[in-house]
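What follows is one structure encoded as structure tokens, with my remarks underneath.
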4 protein chains.
Amino acid sequence: MSVATEARAGEPVSLGVSKGRVEALSDGVFAIVVTLLVLEIKVPHVGAHDSVRALAGALLALAPKFVSWVISFATVCVIWLNHHRLFSRIGRLDNALFWLNANLLLWTSFIPFPTALMGDYPGNRLAVSFYGTVMALMALAFVLMRWRLHCHDRLLQDGADRELFRQGTRRSIWMGPVAYGIGASLAWVFPPAAFACYAAIAIYFVLPRDARTKP
Amino acid sequence: MSVATEARAGEPVSLGVSKGRVEALSDGVFAIVVTLLVLEIKVPHVGAHDSVRALAGALLALAPKFVSWVISFATVCVIWLNHHRLFSRIGRLDNALFWLNANLLLWTSFIPFPTALMGDYPGNRLAVSFYGTVMALMALAFVLMRWRLHCHDRLLQDGADRELFRQGTRRSIWMGPVAYGIGASLAWVFPPAAFACYAAIAIYFVLPRDARTKP
Amino acid sequence: MSVATEARAGEPVSLGVSKGRVEALSDGVFAIVVTLLVLEIKVPHVGAHDSVRALAGALLALAPKFVSWVISFATVCVIWLNHHRLFSRIGRLDNALFWLNANLLLWTSFIPFPTALMGDYPGNRLAVSFYGTVMALMALAFVLMRWRLHCHDRLLQDGADRELFRQGTRRSIWMGPVAYGIGASLAWVFPPAAFACYAAIAIYFVLPRDARTKP
Amino acid sequence: MSVATEARAGEPVSLGVSKGRVEALSDGVFAIVVTLLVLEIKVPHVGAHDSVRALAGALLALAPKFVSWVISFATVCVIWLNHHRLFSRIGRLDNALFWLNANLLLWTSFIPFPTALMGDYPGNRLAVSFYGTVMALMALAFVLMRWRLHCHDRLLQDGADRELFRQGTRRSIWMGPVAYGIGASLAWVFPPAAFACYAAIAIYFVLPRDARTKP
């Protein structure tokens, strides 16, 4: 795979690592992140060990953490799904694309931190906005990968439909950095609205594609 | 795999991701959960560092955590096994089935929390019942996947025996949400009985299939 | 793979899951355990943030934890290696073999706990003996798998040399439960001798096979 | 793969495990380490839950941890990339090579500890130097693997260019143990210079290969 090493300025430089391995590394990171998320929810400490009432109260107080966890869980599943769809269009990887993918993994592996932060401080505007900002940067990483493929379409799969790909790129800007940016802004006005926005973005991607494309 | 994109109302919508990749993601989550479970058992703090007696007492006090851990470990192995048997019957995945599988992964990845909770509060009725409730929801996720396959049997493997599959679905309701629901109810009467019930469900699945089907 | 479902008493019962998947699950668990081990070494808290002397003292105090970690790291690598060699001899898995393998994974995934315990209490006879006991049970899990294969040699790879396999089984008893049992006993007399014993067992397996078989 | 078991003194001894499995184990470890790194960044505790100012201050105080995390993240990606390039040149593994690879995994899996240490004590010369020392030992592990392949070039891929491999080995000494050694030394003079050095080494490897080889 990708044996040629032509290197004119701006031309894709061969990476020497197959697409399948990068996909496996990414899959590993997604599987680990999705499973680690729950570790940020700690078992509450309750004085009266056998008191149902005390434990019920402590568990209810964790509600914002459970909500953050479910939103992030669904979001990472969406990342996984979109990552696979994108990679199925890629024919070969160059060095830039590898590192743009690493950038996506960086933000994805960071998700447990903003999730825990938002779960711990659900009423703090900065905490809720921080979550949306990280997600916007993660979504931007997708846009940058698509941009690289748009500029060097020799990296695309041979049979790939260029026009369809361009439409997808445009959509990935709106239902990505822009949507999360709106959520992050809403957090400064009314934090619960930002929660709803983050959940809505995940739900949008959970819906089947045909339902989405038909208005 | 699954190239067609027919989208009549209620019909399976093509996912664009192969079954093998979803299986690999699920396997990753199962392997991580099964290994993370032990992280919830923390090394006890003992004042007299070299005192065998003090450390023995501290380790014995962890007994409920060890019991919870072993039950959850066996349960996740059972989930892995049943997941593989179910996937071996699936021919292709649609969007709904992907998200029903994600729902199973959500509950499975949550298991470390109720395991630690039950291990920390083995005498608290709510903690022990909470464990059974989470497991019932996990088992319900299996039933929902089977239900989807039952309603859209074009998603099943070509040679799959429909009648056998229907029997398996019926059994998955009884030895799933119903059995765990009974355990969660028992917890309100006598917590140790619930522990026994959760362990018994795991043991049922550990037994060879022929021993189970013959009454 | 393994389609037949004959079920005479004591005969291997077909599992319905391929050997490759069980190997992948086991590999996942080994990779995760080997990487999680370091999480048990916590960054020390030092009052004077920029004091080299204070931090050096705190890091030196962690020495037993570093030693435990290296021994366990090497041991898990050995488990991985021996697991692969054993699986390369297996032709197909039955239900009993799957659960005997799950038993091995249980003890292997438990290793971070005794490692942290021995690292925290290196002078406590119980802590050091506990480590050896867990390792003995892990090694016993290997012996039990080999025993199952010995009794039902239809599960072995077709071309496998039965006599060579029997020799390996005998050796796995000595350089397994027996050797770790000796280490666990030594801990009650002189803990550092047990550390040396655990390290020696790992080193024995690190040496090339020919060097080992030639006395 | 590698069936022969010739064992003259110093000759490669057959391992009995395929190269692909060792690669999969290594990939698993890299994926887990890269994802675990973020777990060392704990959500800060702030008294006034809804105070934006207090939380902003607490997050800014974490800046050194974020910087350490990004440097380590990029470094592990570089390790992954270099590991793949090296393995693509290997034809078969012997026992020594397996354990030299395990040595690389040991230092790589250790990275979360020095990363957290440097993030917690960014102004402590020992902490910052410790990070570089661990990285130098990790890089040395690569050199040792290359050395083994250099001495026993029967282990190399059949078509591999010996001269090119020798050049790579020489470069791996300079842009490995030597460069990190310089960083670790700089830490004793001026810690921020060491941070810059560690980042520069990662950036060197992020650049496309052709840009690097042309001076």
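The values are calculated or read from the model by the stated rules, or taken from the named source; none is laboratory data. Please read these numbers as outputs of a predicted model, since none were measured by experiment. Here Cβ is always computed from backbone atoms with ideal geometry, including for glycine, and neighbour counts include all displayed protein chains.
Observations, loosely collected:
- Among the residues of the stretch B:1-29, those that are at pLDDT 55 or above and more than 7 Å from every other protein chain (Cβ to nearest Cβ) comprise B:Glu11, B:Pro12, B:Ser14, B:Leu15, B:Ser18, B:Lys19, B:Gly20, B:Val22, B:Glu23, B:Ser26.
- Boolean, B:Asp153 is modelled with pLDDT of 95 or more and touching a helix residue (DSSP H, G or I) at 6+ places or on another chain (Cβ under 9 Å): no
- The set of residues in the stretch A:156-177 that are of a type in the set (A, V, I, L, M, F, W, C) and in contact (Cβ under 8 Å) with a residue 24 or more places away in the chain comprises A:Leu156, A:Ala160, A:Phe165, A:Ile173, A:Met175.
- Qualifying residue in the stretch A:110-120 (condition: surrounded by fewer than 19 Cβ atoms within 10 Å (Cβ to Cβ), at negative phi and more than 16 Å from the chain's Cα centre (by Cα)): no
- Among residues of the stretch B:35-53 being of a type in the set (Val, Ile, Thr) and outside any loop (DSSP other than H, G, I, E, B), the one that is surrounded by the most Cβ atoms within 10 Å (Cβ to Cβ) is B:Thr35.
- Test: A:Val143 is touching a Pro at 6+ places or on another chain (Cβ under 9 Å), farther than 30 Å from D:His49 by Cα and in contact (Cβ under 8 Å) with a residue 24 or more places away in the chain: yes
- Candidates C:Ala96, C:Ala127, C:Ala74, C:Ala56 - the one that is out of contact with any strand residue (DSSP E or B) (no Cβ under 6 Å at 6 or more places or on another chain), farther than 19 Å from B:Phe73 by Cβ and surrounded by fewer than 21 Cβ atoms within 10 Å (Cβ to Cβ): C:Ala56
- Helices (runs of 4 or more DSSP H) completely within the stretch A:152-215 that count 2 or more residues being over 15 Å from A:Met135 (Cβ atoms) and within 14 Å of chain B (Cβ to nearest Cβ): A:162-173, A:209-213
- Top-ranked residue in the stretch C:99-127 [being of a type in the set (S, T, N, Q) and part of a helix (DSSP H, G or I); ranked as nearest to the other protein chains (Cβ to nearest Cβ)]: C:Ser109
- Filter pass, B:Val70 being within 30 Å of C:Tyr121 (Cβ to Cβ), within 15 Å of the chain's Cα centre (by Cα) and not hydroxyl-bearing (Ser, Thr, Tyr): yes
- From the list C:Ala63, C:Ala54, the lone residue that is within 30 Å of C:Ile203 (Cα to Cα), out of contact with any Leu (no Cβ under 8 Å at 6 or more places or on another chain) and not hydroxyl-bearing (Ser, Thr, Tyr) is C:Ala63.
- Restricting the first member to the stretch A:72-85 and to residues that are under 16 Å from A:Ala200 (Cβ atoms), and the second to residues that are not in a helix (DSSP H, G or I), the beta-carbon pairs closer than 6 Å and six or more apart or on different chains are A:Ser72/A:Ile111.
- Here B:Ala179 passes the criteria (1) among the small types (Gly, Ala, Ser); (2) over 19 Å from B:His83 (Cβ atoms); (3) surrounded by fewer than 21 Cβ atoms within 10 Å (Cβ to Cβ); (4) at pLDDT 95 or above except the one numbered (2).
- Within the stretch B:30-39, tally of residues that are without any contact (Cβ under 8 Å) to a residue 40 or more places away in the chain and either more than 8 Å from chain C (Cβ to nearest Cβ) or of a type in the set (Lys, Arg) (or both): 0
- Residue satisfying all of: in the stretch A:40-62; in contact (Cβ under 8 Å) with a residue 12 or more places away in the chain and among the hydrophobic types (A, V, I, L, M, F, W, C); nearest to the other protein chains (Cβ to nearest Cβ) among these: A:Ile41
- Among the conditions (1) of a type in the set (Gly, Ala, Ser); (2) crowded, with 21+ Cβ neighbours inside 10 Å; (3) more than 25 Å from C:Cys77 (Cα to Cα), D:Ala102 misses just one, which is (3).
- Some residue of the stretch D:76-98 being assigned to a helix (DSSP H, G or I), away from chain C (no Cβ under 14 Å) and farther than 21 Å from D:Gln167 by Cα: yes
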